[in-house]
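> Here it is, the structure in full.
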Amino acid sequence: MEKNINELKEIIASSKRITVLTGAGISAESGVPTFRGSGGIWRNYQVTDVATPQAFARDPELVWEFYNWRRDLINKVTFNPGHKALVKLEKHVNDFTLITQNVDGLHREAGSRSLLEIHGNLWEVKCTKCSLLTMDRSQNMGKLPKCSQCGGLLRPHVVWFGESLDPDIIHKAIEASQNCELMLIVGTSGVVHPAASLAHQAKAGGAVVAEINIEQTPQSGQMDFVLTGPAGKILPMLVENFN
Ligand code: OAD
């Protein structure tokens, strides 16, 4: 492990183009539950009840109840040393892109700037009638929140299962994956596409790929480095020589 970390630190120091992909695992140490595994959100909620356009059409109150629960939870937590380490890394790399599947906004809050939130952001809401997009940090949006402009029903501006990702954002994510020299894949189970295919694209483009996770994933076998441990511990070690 130590040898792996030292080797990876050298690659980081000499790489001009680094792309990082994060998933729920990076926020786990902040107290945000992951989706899969023990204690995962999908153990207590059915995806089809709360995270699909059909669920929202059928029972928007139930979907808002779920998102209000998540707002309340995430409102109480903050970024952790893993998020901060990526802010530090961004400052030292010429061409840096952070792609996250997380909607909790903690990367932004920590100070990451070159950020692609491919699944959207929990704090943004979109009107289902006039499409007005607004930022709303309310801890609780109420049962059926309405648009201030037209009175239409608001929805969370997140990507639900069965929906397409924003084409501009996913295009940038693919480009950043194909063109990097090093890709770090942090705290994701690597089972949700298209995010899961980005590591493959990076490798096909000639990049070194490294996984940081507390356990093995279906993608571990394709990695050049597998660092097993919490992101909040490993990421700070990788950037400890930077200011
Ligand atoms: P998952 O819950 O599927 O996976 C979380 C990963 O984080 C697992 O591989 C854990 O082993 C790992 N993990 C947990 N704690 C960790 C820690 N402290 N340090 C490092 N790794 C840790 O979450 P995602 O892969 O993000 O999509 O899930 C992908 C997408 O599926 C989500 O964006 C969400 C979900 O359904 C939508 O809602 C559209």
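> Run the numbers on the range 1-54 and let me know its relative contact order in percent, using alpha-carbon pairs under 8 Å that are six or more apart.
Working: 21 pairs, mean separation 7.2, N = 54.
Once divided by the residue count of the range 1-54, the mean separation gives 13 percent.
> Something else: Quick one: with all protein chains in place, what share of the accessible area of the range 173-243 is carbon or sulfur, to the nearest percent (1.4 Å probe)? Display every interim value, and only then the final one.
Values: 1540 of 3000 Å².
Using a 1.4 Å probe with all protein chains present, the range 173-243 comes out at 51 percent carbon and sulfur.
> How big is the Rg/Rh ratio for the range 97-159, C-alpha atoms only, Rh by Kirkwood, two decimals? Walk me through the numbers before you get to the answer.
Working: Rg = 12.7 Å, Rh = 12.4 Å.
Ratio of gyration radius to Kirkwood radius for the range 97-159: 1.02.
> A further question on this structure: Given 5 Å bins starting at zero, what is the percent of C-alpha pairs of the range 145-228 in each, up to the one with the largest pair distance?
Pair shares across the bins are 3, 13, 20, 18, 14, 11, 6, 5, 5, 4, 0.
> Same structure, new question: Inverting the mean 1/r over all pairs of different Cα atoms, compute the Kirkwood radius of the range 100-202 and quote it in Å.
Working: mean 1/r = 0.0657 Å⁻¹.
After inverting the pairwise mean of 1/r, the radius is 15.2 Å.
> Skipping prolines and chain starts, which residues have an amide H placed within reach, meaning under 5 Å, of the one on E29, given they are 5 or more residues away or on another chain?
For E29, whose amide H was placed from the backbone, there are no distant partners under 5 Å.
> Still on this structure, please answer the following. Compute the length gained on full extension between K3 and L153: take 0.36 nm times their separation in residues and subtract their Cα-Cα distance, giving the result in nm to one decimal. Write down the numbers at each step before the final one.
On the way: separation 150, 0.36 × 150 = 54.00 nm, distance 5.41 nm.
Contour length minus the Cα-Cα distance gives 48.6 nm.
> Could you pull out every residue, at least 5 positions away or on a different chain, whose amide H is within less than 5 Å of the one on G120? Hs are placed 1.01 Å off N in the peptide plane, and Pro or chain starts have none.
V159
> Any idea what % of Cα-Cα pairs in the chain are farther than 32 Å? Write out the running numbers ahead of the final one.
Numbers: 6070 of 29403 pairs.
So the pairs more than 32 Å apart make up 21 percent of the total in the chain.
> Each residue of the range 156-173 in turn: what ³J(HN,Hα) in whole Hz from Karplus with 6.51, -1.76, 1.60 and θ = phi - 60°, glycine and Pro shown as x?
Result, rounded to whole Hz: x, 8, 10, 8, 9, 4, x, 9, 7, 6, 4, x, 5, 5, 5, 4, 5, 5.
> Can you list the residues, at least 5 places off or on another chain, whose amide H is less than 5 Å from the amide H of V20, using H built in the peptide plane?
Residues meeting the amide H criterion: T97, L98, I99, L184.
> When the Karplus curve 6.51 cos²θ - 1.76 cosθ + 1.60 is applied with θ = phi - 60°, which whole-Hz ³J(HN,Hα) does each residue of the range 221-228 get, with x for Gly and Pro?
Running phi through 6.51 cos²θ - 1.76 cosθ + 1.60 with θ = phi - 60° gives x, 8, 7, 7, 10, 10, 9, 9 Hz.
> At most 12 other Cβ atoms within 10 Å and a DSSP loop assignment: could you name the GluC sites (Glu not before Pro) in the range 176-236 that fit?
Details: sites: E181, E211, E215; in loops: E181, E215.
Counting only loop positions with at most 12 other Cβ atoms within 10 Å, the GluC sites (Glu not before Pro) in the range 176-236 are E215.
> Still on this structure: Note the full-extension length gain between W42 and Q54 as 0.36 nm times their separation in residues minus their Cα-Cα distance, in nm to one decimal.
Values: separation 12, 0.36 × 12 = 4.32 nm, distance 1.73 nm.
Length difference between fully extended and current span is 2.6 nm.
> What is the Cα radius of gyration of the range 36-132 over 2.2 N^0.38 Å, N being its residue count? Each step should come with its number before you reach the end.
Details: Rg = 15.8 Å, N = 97, 2.2 N^0.38 = 12.5 Å.
My calculation over the Cα atoms of the range 36-132 gives 1.26.
> Stretched out fully, how many nm does the piece from L62 to C130 gain, at 0.36 nm a residue minus the Cα gap? Don't skip to the answer; put the middle values down first.
Numbers: separation 68, 0.36 × 68 = 24.48 nm, distance 2.23 nm.
Answer, rounded to one decimal: 22.2 nm.
> Tell me, which cysteines of the chain are without a disulfide-compatible partner by the Cβ under 4.7 Å rule?
Here C180 come out as lacking a disulfide-compatible partner, given the Cβ-Cβ threshold of under 4.7 Å.
> Given R₀ = 35 Å, FRET efficiency for N241-L73 by Cβ-Cβ distance, to 0.05? Please report the intermediate quantities before stating the final value.
Details: r = 35 Å, r/R0 = 1.00.
With a Förster radius of 35 Å, E is 0.50.
> Per-residue ellipticity at 222 nm for the chain, helices alone: DSSP H runs ≥ 4 residues times -39500 (n - 2.57), over residue total, nearest 500 deg cm²/dmol?
Working: 11 runs with 91 residues, N = 243.
The helix contribution divided over the chain gives -10000 deg cm²/dmol.
> Follow-up question, since we're still on this one. Of K76/K172; K16/K88; K91/K126; K91/K233; K3/K233, which ones are farther than 21 Å apart at the Cα?
Details: K76/K172 31 Å; K16/K88 15 Å; K91/K126 32 Å; K91/K233 19 Å; K3/K233 16 Å.
Those over the limit are K76/K172; K91/K126.
> Within the chain, what's the longest stretch lacking trypsin sites (Lys or Arg not before Pro) that sit in DSSP loops with no more than 16 other Cβ atoms inside 10 Å?
Numbers: sites that count: K16, R36, K76, R113, K129, R137, K143.
With a cap of 16 other Cβ atoms within 10 Å, the longest stretch comes to 144-243.
> How much area per residue is accessible in the range 101-243 when the probe is 1.4 Å and only protein heavy atoms are counted (Å²)?
Numbers: 6630 Å² over 143 residues.
Here the per-residue accessible area is 46 Å².
The values are calculated or read from the model by the stated rules, or taken from the named source; none is laboratory data. Since the structure is predicted, the reported quantities are computational estimates derived from the model, not experimental observations. We place every Cβ from the backbone using ideal geometry, glycine too, and count neighbours over all the protein chains shown. The area values use the complete protein model at the heavy-atom level, side chains included, leaving out ligands, DNA and RNA. Shrake-Rupley method; radii C 1.70, N 1.55, O 1.52, S 1.80 Å.
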